[in-house]
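First the structure, in the form of structure tokens, and then the observations on it.
Each value in this text was obtained by applying a stated rule to the coordinates, not by laboratory testing. Keep in mind it's a predicted model, so treat the numbers as computed, not measured.
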Amino acid sequence: MTTSGATRISCFVSRWFSRIRTGAREGGAGIAALFYPPQCVTCGAPVAWGEVLCATCEEHLPGRVGPHCDRCGDLLDDERVDLCLRCGTHLRGFERAISLGPYDGGWRTLIALFKFDREKAVGRWLGLRLADAAARSLSEVACVTHVPMTRAERKARGGNPSQELARVVARRLRAPERSLLQKTRTTRPQRTLPARERAVNLRGAFRGVRSGTGTVLLVDDLLTTGATVDECGRVLKSEGYSEVYVLTVVRA
């Protein structure tokens with residue numbers, strides 16, 4: 001018995017669409033994944049579906065070295081103390097800040113790809129690792145929220161990176177993700193200001209939009225002096241929430 005060319009073509013097409021469906025189920029890659037296999041974003045080595053770094057590059061992501069503040073994670077000059085000068089002398093708006101690593105090396109590359117190049121896969125990868133870090137440090141949270149932007153800031157940036165991370169974190173932790181804060185005015189970029197001016201720049205820039213109780217996990221991409229999350233934490237506590245924990249990708 002002979003097989004017609006049409007039958008051979010039909011079988012090929014069937015297998016091809018089967019591969020598409022499988023790829024879509026496993027990593028959401030779809031048709032593009034068949035022609036553009038995933039690669040490590042730093043060295044270009046092949047990686048598995050859903051990953052953005054190869055095992056070697058992930059292993060070499062820098063970690064925090066030396067003593068650091070128990071509250072904000074800033075590096076300390078003296079290992080005999082447990083709080084930095086700011087946390088030891090000022091009332092913070094949060095209980096503790098948790099970060100994946102320092103703003104250096106591979107972490108800096110990942111942040112740039114996510115924030116400025118809008119690489120969604122990198123954002124999802126970072127969000128999953130943030131969620132795992134939170135799960136190791138906290139027993140439970142009432143909800144997950146994010147540092148907000150004004151409408152103009154979101155439009156200029158093409159979205160809010162902190163909110164995108166918060167959504168991934170919430171899904172992973174199986175916790176509700178809620179917009180609890182609103183930014184009421186555009187502020188000068190914090191990175192352009194000296195530390196003493198950052199708190200003034202943000203004073204009154206946020207307001208609460210939903211009250212509640214329990215522990216809130218506040219997600220942002222980068223922590224420097226902590227002025228932004230300080231202000232957000234104070235507003236959240238004024239709305240009734242008892243504790244605010246900060247979760248960021250990096251600590252600068």
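Tell me, what is the percent relative contact order of segment 66-251, built from C-alpha pairs under 8 Å that lie six or more residues apart?
For segment 66-251, the relative contact order is 28 percent.
May I ask for the distance between the Cα centers of segment 48-126 and segment 206-237, given as a whole number of Å?
18
Which whole-number percent is the relative contact order of segment 164-252 (Cα, under 8 Å, 6+ apart)? Working shown, then result.
Values: 118 pairs, mean separation 26.7, N = 89.
About 30 percent, as a whole number.
Hey, in the GNM for the chain with a 10 angstrom Cα cutoff, which one of 178, 203, 191 fluctuates hardest?
Highest fluctuation of the listed residues: 191.
Only helices at least 24 Å long along their axis, Cα-based, and averaging 0.0 or more on Kyte-Doolittle count here, so list those DSSP H runs from the chain. Mind dumping the intermediate values first?
Working: long enough: 5-27 (33 Å, -0.30); 120-137 (26 Å, 0.07).
Both cut-offs are met by 120-137.
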